[in-house]
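The values are calculated or read from the model by the stated rules, or taken from the named source; none is laboratory data. All figures in this text were calculated on a predicted structure; none of them were measured in a lab. Heads up, the Cβs are rebuilt from the backbone with ideal geometry, glycines too, and the neighbour counts pull from every protein chain shown. These accessible areas exclude ligands, DNA and RNA; they are computed on the full protein's heavy atoms, side chains included. Shrake-Rupley method; radii C 1.70, N 1.55, O 1.52, S 1.80 Å.
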Amino acid sequence: MKQRHLLLALAVGASVLALSACKKDESKDAAAPAAAPKGETADQFVARVNQELRKMYPEITASQWLSNTYINDDSQLLEAKYNERYLAQLNVWIEQARKFEGQQMSPETARAIQLLKLSTAMPAPKDPVKLEEITKLASKMGGMYGAGKYCTGEGDAKKCRDLGQLEDVLRSSRDYDAQLDAWQGWHTIAQPMRKDYTRFAELVNEGAKELGYADAGEMWRSGYDMTPAEIAAETDRLWGQVKPLYEQLHCYTRTKLQATYGVEKGQVNGMLPAHLTGNMWQQDWGNLWDMLQPYKNAGSLDISEALKAQYQADFVKELGKAGPAPTTEQQFQAERAAQLAVAKQMTERAQDFYVSLGMPKLPESYWSRTQFIKPLDRDVVCHASAWDMNMGGEPGKEGGPDVRTKMCIKPNEEDFTTIYHELGHVYYYLAYNKLPPLFQNGAHDGFHEAIGDTIVLAMTPDYLKSIGLVGDQQQSHDALINAQMRMALAKVSFMPFGLMIDRWRWGVFDGSIKPADYNKAWWDLKARYQGVAPVSARGEDFFDPGAKYHVPGNTPYTRYFLSHILQFQFYKGLCDAAGYKGPLYNCSFYGNKVAGQRFWAMLEKGASQPWQATLKELTGTEKMDASAVLEYFAPLQEWLKQQNEGQTCGWQPTPPATTAAAPAAPAKAEPARKQG
């Protein structure tokens, strides 16, 4: 996930020391936005905004980093106050830009002003009281998510588990009830957010309307160099292209779940039970590989075992430093050292792919400032994210780019590929850092999410063998179907999920989904698009949307759906650039400098031109299209059709009585532990 909050959702300005050292009246003066110079032209205005933005940006991102890596009341207060200052400044810039409407100006200046207007997903009302309220709500909900824990038992028997621990249950357990408990348990952490989110949506809408949009959803859909109606229709068209492939994968998966858990427990009205997909949000079915693997003896692609073996080797090495009889404390320290070591090794391996294309190594500061593993002494947001802390630094000054990632890495395939994804964001930052700040973003937000995943597509079985994570691979039909299935469980299973989250929020913002129906609408959309359902009623006492990071975090999600289309287009374009001849699914451009130059040239453009032009430079077309997805998965789709013969595929999109009263929670959730 790209964590450029200034250009996405949350941002603030001022330094921690300045905030704590100034008197109350002085801090107000310091936060007051400067007036526009008299006679300022549109070009001069954009230049000034770029200069002011670059100067304040490191302080903005520092507060965000702090609030994500040290969750407590103090960091949330700082985050909220810094948000308030930045959003007030943003409103001033947007108001100052109004005087240039209708004037003649260069296309570059006109684009910069338009991007300024769209530079936050959290448009704040001008009313100072409401501005303060929305920033506090945003910070509060983020803290609730990051510190969320599911607790069972009382007193000495009390046991609390965080998201990572609950995900481990879904990832590894095949106990029906244990998975259900973990899934239901995590969703309890979102219940207290419901009232706050309702008010937050009202305030975001008010801010969007003040900017001239019908609602916040329309504002979000305006950032695609096309009308809001056109991008909505475009996503429907793209989904229509890939939906038949998804339905075949869904049908196959349901059959295997029924074989494992029984005909009744393995489905809900033809839909997949929400707690049995190996993923908290049913967005990635890769953890079901043990039951979905097409052929058991066609070469192993289980890289998790190889990564765990690397961890064990690191642990033995670290433990050896303690001598022949290590103490319990020394064993613990060896475990922590090995966890950090394998996390860095996984990241170095991902860096190697980008460097093999001719891209630079990550700055030294990346390795000292990144959060690789979960700290033991504090709550953090473990959701993976990439950070540009200073827009490359001020030109002519020492320091250079400060880029980081924030993860709680474990030695498994999911985290390994996530690292490749996050470094895609980082290399995008490094490529476009030379541009003016208002152009330092993706061509559109789907581009940013697609960069790293394009590299993941190039992680073919032969590539994985070359880096020692899998053994010799058979060149056979069975091995091909295995490889395709493994990729489809990550890529194809995600696509409808990438659509439904924003379909829900668009409805919330335009009023077609009322607060009284939040949960019902959520599960109606999950049933319609994903064909998944809970096994028991999820009434309006619950707030299941809040159990997904991007909802309390206010991160638009259509970008992820678009990225799953674009990454295949990018992949095909880079394979063509590399001179590859053969089936698309076998292509890896690892080490190909020509492909790397083409990729870097696209990244360098940032948001400086309409995305259609940027896409054409790499792929030869100005249109997003899923034909490369279908070309890539053609062998698997044909195989799935054969496997599903005789099955009644499809589902009735009606989840179990979501309007029914919610069952009593089996245990207590602790959404945000205060620290004094």
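The separation of the stretch 123-196 from the stretch 219-278, counted between C-alpha centres, amounts to 25 Å. Which of the GluC sites (Glu not before Pro) found in the stretch 105-173 are loop residues per DSSP with 11 or fewer other Cβ atoms within 10 Å of their Cβ? Passing sites in the stretch 105-173 are E154. On the beta carbon distance between D302 and E398, with R0 = 45 Å, the FRET formula returns roughly 0.45.
In this calculation the C-beta distance from R528 to T152 is compared with R0 = 35 Å, giving a FRET efficiency of 0.55. Ordering T61, A306, A341 by the projection of their Cα atoms onto the charge dipole of the chain, which places +1 on the Cβ of Lys and Arg and -1 on the Cβ of Asp and Glu, puts T61 at the extreme positive end.
At 1.4 Å probe size, put S588, S63 in order of accessible surface, largest to smallest. Can you show the working numbers first?
Working: S588 40, S63 5 Å².
In descending accessible area the options line up as S588, S63.
With K and R counted +1 and D and E -1, the other residues having a Cβ less than 11 Å from that of P496 yield a net charge of +3. The GluC sites (Glu not before Pro) of the stretch 331-426 that DSSP puts in a loop, and whose beta carbon has at most 12 other beta carbons within 10 Å, are E398.
Full-extension gain between S466 and A233, please, as 0.36 nm times their residue separation minus the C-alpha to C-alpha distance. It would help to have the intermediate numbers written out before the result.
Working: separation 233, 0.36 × 233 = 83.88 nm, distance 4.24 nm.
Taking 0.36 nm per residue and subtracting the Cα distance, the gain is 79.6 nm.
Give me the accessible area per residue for the chain, probe 1.4 Å, as a whole number in Å².
Working: 26280 Å² over 676 residues.
On a per-residue basis, 39 Å².
Spin-label pair H477-V92: with each label point 7 Å from Cα along the Cα-Cβ axis, the two points sit 7.0 nm from one another.
Once Lys and Arg get +1 and Asp and Glu get -1 on their Cβ, which of Q474, G507, A488 lies farthest toward the positive end of the dipole of the stretch 472-511? Selected residue: G507.
Counting only the Cα atoms, the stretch 408-453 fills a convex hull of 74 Å³ per residue. This model, with +1 at the C-beta of Lys and Arg and -1 at the C-beta of Asp and Glu, gives the chain a dipole about its Cα centre of some 280 debye.
Let me spell out the model: positive unit charges on the Cβ of Lys and Arg, negative unit charges on the Cβ of Asp and Glu, origin at the Cα centre of the stretch 147-263. What dipole size does that give, in debye rounded to 20? Intermediate values should be presented prior to the final figure.
Values: 15 positive and 19 negative charges, 93 e Å.
Its charge dipole is roughly 440 debye.
In this structure D576 has an accessible area near 100 Å², from a 1.4 Å probe over the protein heavy atoms.
Look at [x] 46, 33, 22; [y] 37, 30, 28; [z] 51, 27, 24: the one that is semi-axes √(5λ) of the Cα gyration tensor in Å derived from this structure is [y].
Between Q258 and D517, the FRET efficiency estimated from the beta carbon spacing at R0 = 35 angstrom works out to 0.65. Annotation for the stretch 35-66: GluC sites (Glu not before Pro) lying in DSSP loop with at most 16 further Cβ atoms inside 10 Å of their Cβ are E40.
Report, in listed order, any pair from K195/K265; K243/K296; K308/K520 with a Cα-Cα distance greater than 31 Å. Working shown, then result.
Details: K195/K265 34 Å; K243/K296 28 Å; K308/K520 41 Å.
Going by Cα-Cα distance, K195/K265; K308/K520 fall outside the 31 Å limit.
Relative to the globular-protein estimate of 2.2 N^0.38 Å, the Cα radius of gyration of the stretch 30-119 stands at 1.26. Scaled against 2.2 N^0.38 Å for its residue count N, the alpha carbon radius of gyration of the stretch 432-529 is 1.59. Taking amide H as placed 1.01 Å from N in the peptide plane, the amide H of G553 sits under 5 Å from none that are at least 5 places away or on another chain.
Which value at 222 nm does the chain reach when only helices count, each DSSP H run of 4 or more adding -39,500 (n - 2.57), with the total divided by all residues and rounded to the nearest 500 deg cm²/dmol?
Working: 27 runs with 371 residues, N = 676.
Value at 222 nm, helices only, nearest 500: -17500 deg cm²/dmol.
Helix by helix, which DSSP H runs in the chain go 18 Å or more along their axis at the Cα atoms and have an average Kyte-Doolittle hydropathy of -0.5 or more?
Working: long enough: 42-69 (39 Å, -0.61); 73-97 (36 Å, -0.74); 128-146 (27 Å, -0.13); 194-210 (24 Å, -1.31); 228-261 (44 Å, -0.65); 303-320 (26 Å, -0.18); 328-356 (42 Å, -0.72); 413-432 (29 Å, -0.39); 445-457 (19 Å, 0.49); 477-491 (21 Å, 0.07); 495-510 (23 Å, 0.11); 558-577 (28 Å, 0.10).
Taking the DSSP H segments of the chain (at least 18 Å long, mean hydropathy at least -0.5), we get 128-146, 303-320, 413-432, 445-457, 477-491, 495-510, 558-577.
Placing +1 on the Cβ of each Lys and Arg and -1 on the Cβ of each Asp and Glu in the chain, which of N519, G212, P273 has its Cα farthest towards the positive end of the resulting dipole? Toward the positive end, the furthest listed residue is G212. Contact order for the stretch 498-646, expressed relative to its length and based on alpha carbon pairs under 8 Å spaced 6+ residues apart, stands at 20 percent.
Please get the size of the charge dipole for the stretch 84-168, origin at its Cα centre, with Cβ charges of +1 on Lys and Arg and -1 on Asp and Glu, quoted in debye to the nearest 20. Numbers along the way, then the final one.
Details: 13 positive and 12 negative charges, 44 e Å.
The dipole of the stretch 84-168 has a size of about 220 debye.
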